[in-house]
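Student: Here you go, one structure.
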Amino acid sequence: MATMTAAVLVAPRRFEIRELPVPVCGPDDVLIKVDRCGICGTDIHMFNGHYATERLPIVPGHEFTGTISRMGDRAGPFVLGQRVVADINIGCGGCYYCRRNEVLNCAEVRQVGISRDGAFAQYVSIPGRLVIPAPDDAAPSMLALTEPVACVVRAARKADVRFGQSVVILGAGPIGNLHIQMMRLVGAAPIIVVELSPERARLAVEAGADAVVSDPSRVKETVLAMTGGRGADIVIESVGLPQLYAQAFDLIRPGGHVAAFGITGPGDSIPLALLDTVLKENSVKGSVAGMGVDMHDALTLLLHGRFDVAPFVGATYELSAIQEAFETLKDRPDVLKTQIAI
């Protein structure tokens with residue numbers, strides 16, 4: 001039996017490097033030899049024991065690229081050695097939700113690296129219908145950003161952002177920075193960011209924010225001053241804290257929209273002023289994972305240089321050092337993404 005090296009999260013804050021069987025490649029599947037996988041905020045939540053602890057032990061990792069090592073007879077028109085990325089949301093493919101590209105609501109959905117073993121390993125097996133060819137000469141470090149970029153593409157779609165709409169982004173970490181860049185691409189203005197870290201505040205300005213507020217006491221006055229006293233058309237919560245979600249509703253204008261993106265604890269909630277929501281026609285919609293067309297659009301945007309990826313490719317660790325990579329994340333506030341070279 002062929003084996004591979006993988007990083008298994010066996011308990012909160014503890015990885016073990018193990019030899020595991022190479023995943024089965026069925027007739028509809030593609031076996032991908034992983035060469036680069038980024039550390040996502042979801043991976044960090046899992047590492048810290050804040051999310052999906054009931055699924056341990058598991059091989060995390062879902063922001064990946066690699067090359068085709070094997071393929072099933074019905075997997076599709078691929079070529080051995082071809083470089084690819086992959087949609088990590090595996091639904092049944094035929095239900096009401098899958099047909100509408102709302103795969104997370106499929107009763108059979110599994111997510112690579114979250115609810116099934118993922119790409120902090122030498123190989124991962126993916127249904128061929130979810131595998132997307134990529135140019136051989138594209139940098140793996142850039143291609144491994146396709147999945148997180150797809151997440152902000154989908155968030156922009158779900159929020160239905162229009163030209164000239166004012167947007168507040170709460171948090172300018174890795175995904176917040178990508179939200180900033182996405183809002184610039186779709187023509188939002190002004191873009192106001194709330195971020196306490198000086199390093200990430202600087203990166204937010206470089207990414208295109210019109211204003212960055214680092215003093216919590218000045219957030220609302222800044223938003224009102226920059227939106228004609230109305231409040232923001234859209235507020236994106238990208239951190240996952242209930243208090244920030246509550247603040248988001250306080251920052252939107254009458255008729256504004258809260259884009260719920262940051263992952264909170266499973267029991268977290270905030271009060272919702274129902275009468276205000278009805279009378280002012282406010283709205284809220286969740287979004288977390290890019291899928292289907294979002295992945296294809298994200299890859300196109302990356303390949304055509306629409307995102308500045310430089311702050312996301314500054315730290316790379318070998319798979320054998322994955323424990324150190326996770327434990328030292330906070331030591332690199334000016335590096336937005338740490339990637340694992342497999």
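The values are calculated or read from the model by the stated rules, or taken from the named source; none is laboratory data. Model, not experiment: these values are computed from the prediction. Remember, those area values only see protein heavy atoms, side chains included, never the ligands or the DNA or RNA. Shrake-Rupley method; radii C 1.70, N 1.55, O 1.52, S 1.80 Å.
Student: Relative contact order for the chain using alpha-carbon pairs under 8 Å, separation at least 6, rounded to a whole percent?
Tutor: Here the relative contact order equals 18 percent.
Student: Also: Which whole-number percentage describes the relative contact order of region 153-261, with Cα contacts under 8 Å and a sequence gap of 6 or more? Don't skip to the answer; put the middle values down first.
Tutor: Values: 209 pairs, mean separation 30.3, N = 109.
In percent, rounded to a whole number, it is 28.
Student: So, one more: If I fit a long axis through the Cα atoms of helix 146-159 and take the longest principal axis of the Cα atoms of the chain, what angle between them do I get, 0 to 90°, rounded to 10?
Tutor: 40
Student: Same structure again: When the accessible area of the chain is computed with all protein chains present and a 1.4 Å probe, what percentage of it is carbon and sulfur? Don't skip to the answer; put the middle values down first.
Tutor: Values: 7850 of 14980 Å².
Carbon and sulfur: 52 percent of the exposed surface of the chain.
Student: Just to make sure I understand: if all protein chains stay in place, what is the order of ILE192, ILE44 by accessible area at 1.4 Å, largest first?
Tutor: On the way: ILE192 0, ILE44 60 Å².
If we order ILE192, ILE44 from most to least accessible, we get ILE44, ILE192.
Student: Further, regarding this structure: Using the alpha-carbon atoms, what tilt in degrees (0 to 90, nearest 10) does helix 242-251 show relative to the longest principal axis of the chain?
Tutor: 50
Student: Tilt of helix 293-303 relative to the longest C-alpha principal axis of the chain, in degrees (0 to 90, nearest 10)?
Tutor: 90
Student: Let me know the shape class of region 220-271, please: from the alpha-carbon gyration tensor, a ≥ b ≥ c as square roots of the eigenvalues, rounded when a/c is under 1.5, otherwise prolate if a/b is greater than b/c, or oblate.
Tutor: Cα axes put region 220-271 in the prolate bin.
Student: Whole number in Å², please: accessible area per residue of region 250-342, 1.4 Å probe, ligands, DNA and RNA not counted.
Tutor: Values: 4740 Å² over 93 residues.
Ligands and nucleic acids excluded, the figure is 51 Å² per residue.
Student: Continuing with this model, one more query. Using a Gaussian network model on the chain with a 10 Å cutoff between Cα atoms, which of ASP29, ASP233, ASP276 fluctuates the most?
Tutor: Ranking ASP29, ASP233, ASP276 by mean-square fluctuation puts ASP276 first.
Student: Which shape class applies to region 42-150: rounded if a/c is under 1.5, otherwise prolate when a/b exceeds b/c and oblate if not, where a ≥ b ≥ c are the square roots of the Cα gyration tensor eigenvalues?
Tutor: In terms of gyration-tensor shape, oblate.
Student: Tell me, how many Å apart are the Cα centres for region 236-250 and for region 17-46?
Tutor: Going from one Cα centre to the other spans 32 Å.
Student: With every protein chain kept in place and ligands, DNA and RNA left out, what is the accessible area per residue of region 59-196? Probe 1.4 Å, answer in Å².
Tutor: Here the residues of region 59-196 average 37 Å² of exposed surface.
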